[in-house]
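The values are calculated or read from the model by the stated rules, or taken from the named source; none is laboratory data. Everything numeric here is computed off the predicted structure, so don't read it as measured data. When we count neighbours, we look across all protein chains shown, and the Cβ atoms used for this are built from the backbone with ideal geometry, even at glycine.
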């Protein structure tokens, strides 16, 4: 079956605290494959979209178990690379949406990734989307992702990039040439106001200046209206009111909804078409946010 979406980014394990318990007191965790790339792939796979994940996992037991879990969900792992180091772990305590506690141990690998292969079935067809989850101040990794994005676009595919800039990673860094080259390869860039602040980008207008000609950007700001910048003009989209049971992972669900809509036809050529893309994003996020607490 043809791979329609390749999701690249961190692959790790999420450990969810059972509802009503705390991270400090519980000894019973629900383990689920995590990281934005895995989350988006899982959402799309549940919608019958053939997906692959690309990235690096540890050669340790947890890394092997992570690959087996993703493969069991029907996700192609043929381009996942193994390296010496540790598997990333995230512990999520969400008794109430407004009180989320996340303790993260990011993956750390001893071998730099200089190249990200594209699955053969993905590279050969023009309806493909490469989804890149997060930018980090790593020149080698950013260069490899930029090269993969360039190959995708040369083959006729599209590139969707979620900046997802983590404060701890960028604490002693600023937006550099390697990161801006990756941004310039994207057809659609999604960022939150928090991402822009971390990267030192004043607002959506300044983000727009980093885009290549013809590309678009979506800027989210919590429950406030989403701002779209596109060649067809700007758009302010009012998100629907939601009864939130869980907020962790909502951004990944939003990305999956947008990608699902973008796969369904030609790339949006009007503000009405972009409004439908944003609506699909919120529909998927709503399903995630109003579901019972715990992993998707």
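With 32, 57 as the choices, which residue is touching a residue at least 60 places away in the same chain (Cβ under 8 Å), more than 16 Å from residue 129 (Cβ to Cβ), outside any helix (DSSP H, G or I) and touching a strand residue (DSSP E or B) at 6+ places or on another chain (Cβ under 7 Å)?
Going through 32, 57 in turn, the sole match is 32.
Being more than 15 Å from residue 131 (Cβ to Cβ), surrounded by fewer than 21 Cβ atoms within 10 Å (Cβ to Cβ) and at pLDDT 80 or above is the requirement here; does residue 239 meet it?
So residue 239 fails the test.
What residue, among those in the stretch 11-58 that are more than 21 Å from residue 92 (Cα to Cα) and more than 14 Å from the chain's Cα centre (by Cα), is surrounded by the most Cβ atoms within 10 Å (Cβ to Cβ)?
So the residue we want is 58.
Being modelled with pLDDT of 90 or more and farther than 21 Å from residue 282 by Cα, is that true of even one residue in the stretch 21-29?
No, the stretch 21-29 contains no residue that is modelled with pLDDT of 90 or more and farther than 21 Å from residue 282 by Cα.
Can you spot a residue in the stretch 63-81 that is buried (at least 17 other Cβ atoms within 10 Å of the Cβ), at pLDDT 75 or above and within 23 Å of residue 167 (Cβ to Cβ)?
No, the conditions are met nowhere in the stretch 63-81.
Among the residues of the stretch 217-234 satisfying the criterion of being touching a strand residue (DSSP E or B) at 6+ places or on another chain (Cβ under 9 Å) and farther than 15 Å from residue 281 by Cα, which is surrounded by the fewest Cβ atoms within 10 Å (Cβ to Cβ)?
The selected residue is 231.
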